[in-house]
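Asker: First the structure, then my questions, so here it is.
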Amino acid sequence: MTPSALLSRPGAVAVETGGTAGHYGDPLREQRQLAEGAGLVDRSDRDVLAIPGPDRLTWLHSLLSQHVEHLADRTGTEALLLSPQGHVEHHLAITELDGTVWADVEPGTGPALHTFLDRMRFMLRVEPALVTADWALLSLVGPRGDEVLAAAGLPVPAAPSAVEPLAGGGWARRMPPIGDGAPVVDLLVPRSAVDGVADALLGAGAGLAGIDAFEALRVEARRPRFGVDSDHRTIPNELEWLRTAVHLQKGCYRGQETVARVHNLGRPPRRFVLLHLDGVSEDLPEPGTPVLLGAREVGRVGSVVRHHELGVIALALVKQSVAADAELTVGGSRAAIDPDDGPAALDDAQVAARERVRAVRSATIQR
């Protein structure tokens, strides 16, 4: 992975993979900046594919979970590539602009996705290419983001999922908010232009923020990441992707039968929840750490972060049978399911869950 140009900025501390900055010296302050102002986050480790060709939309429509056959120019959406059994193999953020579909995906997953798409071309007029070496994704996050874009002379995508072309190539795309409603605009820019775009945004009032701050607000908003919050058994019905990346009236794609069957039954095997951890340990649990009810494993955690207001929180997939007020442990820490993620029918249990969350937070504060 080629290190980002923004790793040379003052205070930058690289993530373990070395490609981008985890933070620039103060992760909690950077979180507050994203929540209350405007922060520029370097996400240039995401893989990027470009798919031109007259058959691109009908071809992708036949492969993906989303209805993209008539995706309008200058718009974006999310989509999944599923296994024949309905398990999630890739999560894509898709942009249609001027005759090309752009797909950005989780770091390290682009080559495998490109290999699959290349095999599926047959005689169709499509030319999928892995272009990560040439293009970088940046995210401008926060309630002052639109103001900063305008002051920097960059286009402001107005509507949800709207896309605007950038003068030097690439685009600006409106994304769903993270945190407690912090707006997000993704910017795809040539790698050679990263420093210049960053300088323009910082000069217009944004501050640099690391990926740790972005992740904390993403977890707060319960937005899953493929390969972190999902595992080899994950089906779309277990995550919010059923709402954002699947078109339930669309048929004839890999894994569609599983999605439709579970949706009609209305009860996937696991549910996606936000956990509050007591934060006793300095080391955060790794993705995949079991969620325990007593000695029994009832789920797995994905993303685990330190949030500037909520303390240690995590996203987890747990069995449907786990009660809202269950006394859970994760990696030796006490954990409580957020009351908003309990089964709707268990009103009394949700009240107890709120008390449990308060107890966990109190233990964190006292610590």
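Asker: Charges only on Cβ, +1 for Lys and Arg, -1 for Asp and Glu: so what's the dipole of the chain about the Cα centre, in debye to the nearest 20?
Answerer: Magnitude of the dipole: close to 680 debye.
Asker: For a quick check, take a GNM of the chain with Cα springs below 10 Å and name the residue from Glu16, Glu220, Glu286 with the largest mean-square fluctuation.
Answerer: Glu16
Asker: Of the candidates Glu309, Glu69, Glu147, which one comes out as most mobile in a Gaussian network treatment of the chain with C-alpha springs shorter than 10 Å?
Answerer: Glu309
Asker: Okay, moving on. With unit charges on the beta carbons (Lys and Arg positive, Asp and Glu negative) and the dipole taken about the Cα centre of the chain, which residue among Gly53, Leu82, Leu6 sits farthest to the positive side?
Answerer: In the chain, that residue is Leu82.
Asker: Run the dipole for region 47-130 about the Cα centre, Lys and Arg Cβ at +1, Asp and Glu Cβ at -1, nothing else charged, and hand back the magnitude in debye, nearest 20.
Answerer: So the magnitude is around 240 debye.
Asker: Moving on to the next point. Which residues' amide hydrogens lie under 5 Å from the amide hydrogen of His247, considering only partners 5 or more residues apart or on another chain, with H built in the peptide plane?
Answerer: For His247, the qualifying residues are Gln66, His67.
Asker: Using modelled backbone amide H atoms (1.01 Å from N, in-plane), which distant-in-sequence or interchain residues come within less than 5 Å of Glu89's amide H?
Answerer: So Glu89 has HN proximity to Leu81, Leu82, Ser83.
Asker: With θ set to phi - 60°, apply the Karplus curve 6.51 cos²θ - 1.76 cosθ + 1.60 along region 195-209 and write out the HN-Hα couplings as whole Hz, x wherever there is a Gly or Pro.
Answerer: 4, x, 5, 4, 4, 5, 6, 5, x, 8, x, 7, x, 6, 9
Asker: Also, quick follow-up: Anyone know which of Ala314, Ala336, Ala72 comes out most mobile in the 10 Å Cα GNM of the chain?
Answerer: Ala72
Asker: Using the 10 angstrom Cβ neighbour count as an exposure proxy, how do Lys319, Lys250 rank, fewest first?
Answerer: Lys319, Lys250
Asker: Follow-up question, since we're still on this one. For Asp104, Asp55, what's the fewest-to-most ordering of other Cβ within 10 Å of each Cβ?
Answerer: Going from least to most buried by this count: Asp55, Asp104.
Asker: Also, I was wondering about something else. Contour minus end-to-end for Glu297 and Cys252, with contour as 0.36 nm per residue of separation and end-to-end as the Cα-Cα distance?
Answerer: The Glu297-Cys252 span can extend by a further 12.6 nm.
Asker: Looking at region 124-216, which trypsin sites (Lys or Arg not before Pro) are in a loop (DSSP not H, G, I, E or B) and have at most 14 other Cβ atoms within 10 Å?
Answerer: Taking region 124-216 and a limit of 14 other Cβ atoms within 10 Å, the loop trypsin sites (Lys or Arg not before Pro) found are Arg125.
Asker: With unit charges on the beta carbon (Lys/Arg positive, Asp/Glu negative), name the residue among Gly251, Leu274, Pro285 whose Cα is farthest towards the positive pole of the charge dipole of region 243-289.
Answerer: Gly251
Asker: Please report Phe116, Phe122, Phe272 as a ranked list, fewest other C-beta atoms within 10 angstrom at the top and most at the bottom.
Answerer: Phe122, Phe116, Phe272
Asker: From the phi of every residue in region 157-174, what ³J(HN,Hα) in whole Hz does the Karplus formula 6.51 cos²θ - 1.76 cosθ + 1.60 yield, where θ is phi - 60° and glycine or proline is x?
Answerer: Karplus-based 3J(HN,Hα) across region 157-174 equals x, 8, 7, x, 6, 6, 10, 10, x, 9, 4, x, x, x, 7, 10, 10, 6 Hz.
Asker: Where a ≥ b ≥ c are the square roots of the eigenvalues of the C-alpha gyration tensor, would you call region 47-130 rounded, which needs a/c under 1.5, or, failing that, prolate if a/b is larger than b/c, or oblate?
Answerer: rounded
Asker: Which of the GluC sites (Glu not before Pro) found in region 224-286 are in a DSSP loop and have at most 11 neighbouring Cβ atoms, other than their own, within 10 Å?
Answerer: Those satisfying the criteria are Glu282.
Asker: Return a whole-number percent for the relative contact order of region 58-166, with Cα pairs under 8 Å and 6 or more residues apart as the contact set.
Answerer: Relative contact order comes out at 21 percent.
Asker: Positive end of the charge dipole of region 158-215 (Lys, Arg +1 and Asp, Glu -1 on Cβ, about the Cα centre): tell me which of Gly168, Ala213, Val185 has its Cα farthest that way.
Answerer: It is Gly168.
No value in this document is a laboratory result; all are computed from the given coordinates. Remember, predicted model here, so these are calculated numbers, not experimental data. Using ideal geometry, Cβ is built from the backbone for each residue, glycine included, and neighbour counts are taken over all protein chains shown.
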